[in-house]
1. Please work out if residue 124 is closer than 30 Å to residue 281 by Cβ, in the same structural domain as residue 288 (by TED's automatic domain parsing) and modelled with pLDDT of 95 or more.
2. With respect to residue 263, determine if the residue is closer than 29 Å to residue 149 by Cβ and in contact with a helix residue (DSSP H, G or I) (Cβ under 9 Å, 6 or more places away or on another chain).
3. How many residues does segment 135-169 hold that are over 30 Å from residue 301 (Cα atoms) and in contact (Cβ under 8 Å) with a residue 40 or more places away in the chain?
4. Might you check whether a residue that is farther than 13 Å from residue 273 by Cβ, touching a strand residue (DSSP E or B) at 6+ places or on another chain (Cβ under 7 Å), in contact (Cβ under 8 Å) with a residue 24 or more places away in the chain and surrounded by 14 or more Cβ atoms within 10 Å (Cβ to Cβ) occurs anywhere in segment 103-112?
5. Which residues, taken from segment 127-158, are under 15 Å from residue 286 (Cβ atoms) and surrounded by fewer than 20 Cβ atoms within 10 Å (Cβ to Cβ)?
6. Inspect all residues belonging to segment 191-203 and state whether any of them is farther than 24 Å from residue 131 by Cβ, in contact (Cβ under 8 Å) with a residue 40 or more places away in the chain, surrounded by fewer than 18 Cβ atoms within 10 Å (Cβ to Cβ) and under 21 Å from the mean Cα position of the chain (by Cα).
7. Just checking: which of the strands (runs of 3 or more DSSP E) contained wholly in segment 242-301 hold 1 or more residues that are free of Cβ contacts under 8 Å to residues at least 24 places away in the same chain, surrounded by fewer than 14 Cβ atoms within 10 Å (Cβ to Cβ) and assigned by TED's automatic domain parsing to the domain that holds residue 206?
8. Please enumerate the residues belonging to segment 225-241 that are outside any loop (DSSP other than H, G, I, E, B) and surrounded by fewer than 12 Cβ atoms within 10 Å (Cβ to Cβ).
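The values are calculated or read from the model by the stated rules, or taken from the named source; none is laboratory data. Since the model is a prediction, treat every value here as computed from it, not as a measurement. Reconstructed Cβ throughout: ideal geometry from the backbone, glycine too, with neighbour counts over all protein chains shown.
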C-alpha cells in the first residue's frame with residue numbers, strides 16, 4: 001500500500017498570500033516527516049516536492065531555500081525508529097537492577113554515554129566491558145525490549161505475521177577475533193530465555209545464530225554471511241505462522257519450525273548491543289562494543 005501526503009510549506013506573509021492551510025518548515029519536519037519515519041521506518045520513501053519561485057510568475061524551483069531546507073532535514077532526522085514501542089536497558093544501575101529507560105523517555109530524545117546519535121545519523125548502542133547485569137544474564141547490555149503501543153511489555157503468539165527488520169552496522173567489537181555481540185533476538189517470554197539470538201561474530205567474520213528451546217541447550221549455526229566491521233547490513237527475524245526464519249541483506253539464510261511445546265509460548269523482539277564477552281562488574285563509560293542502528297520496522301498482523 002502507498003500513502004501520498006500533500007502539504008503547502010511556507011510562511012504566507014513572506015510569499016505574499018493571506019491563504020490559510022500553510023505549515024512552517026519546522027512543522028513539516030516535526031509533525032509530518034518525523035512521525036512518518038517513526039511509523040513506517042525503512043518503508044518511508046521520503047519527500048518529493050517543488051518550491052514556487054519568490055519573484056516573477058509562478059514557476060517551480062526545485063533548488064529553492066525551502067526545498068533545500070526539507071532536504072537537509074531529511075538527511076539529519078536520525079534513525080528511523082519508533083521509540084514508542086521500545087524500552088531500553090543499559091549497563092548502568094546498581095546490584096542486579098540495570099537502568100531502564102521508558103518509551104516516553106526515548107520518544108522525548110533520551111541520550112547518554114551508552115545511547116546517542118552517531119555522526120552518520122545512526123542510533124549508537126554502546127556496551128561496556130563490565131557493568132550491571134540482570135539476575136538471569138552474565139553479560140551487560142545496551143538493548144531495546146519490545147513494548148506495546150499502550151506501554152505494556154509485548155508478548156505475542158507465534159501465529160500470524162511477526163517480523164522485525166533492522167538495518168545497522170557494528171563499528172567496534174570487544175574481545176577482538178573472539179568477540180561476539182547479539183544484535184537481535186526473538187525472546188521466549190514465558191520461559192525467560194531467547195528462542196534465538198542473532199550474533200555478529202569476530203571469528204566468523206559475520207553472523208551466527210544461537211537457537212535455544214531449553215536453557216543451556218542452545219545450538220550455534222554459522223549463517224555463512226560475511227560482513228566486515230563498519231559495514232552496513234540489514235536483517236529480518238521472523239516468527240510467522242509457527243516458522244522461525246532469518247534473512248540477512250534480503251536473503252533467507254535460516255528456517256526452522258520449533259517444537260509444539262515452544263509454539264505454545266509467547267514471544268517478543270529485542271535488538272541493540274548485547275555483548276557476549278562483557279561481564280558483571282564495575283560501571284564505566286569506556287566503549288567496548290558499539291552497534292549502530294539506522295532503522296527498525298516491526299510488523300504484527
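1. Criteria met by residue 124.
2. The answer is no for residue 263.
3. Residues flagged as over 30 Å from residue 301 (Cα atoms) and in contact (Cβ under 8 Å) with a residue 40 or more places away in the chain within segment 135-169 amount to 4.
4. So far as segment 103-112 goes, yes, one or more of its residues are farther than 13 Å from residue 273 by Cβ, touching a strand residue (DSSP E or B) at 6+ places or on another chain (Cβ under 7 Å), in contact (Cβ under 8 Å) with a residue 24 or more places away in the chain and surrounded by 14 or more Cβ atoms within 10 Å (Cβ to Cβ).
5. 129, 130, listed by residue number.
6. No: zero hits.
7. Fully inside segment 242-301 and qualifying: 243-248, 251-256.
8. Hit for segment 225-241 is 226, nothing else.
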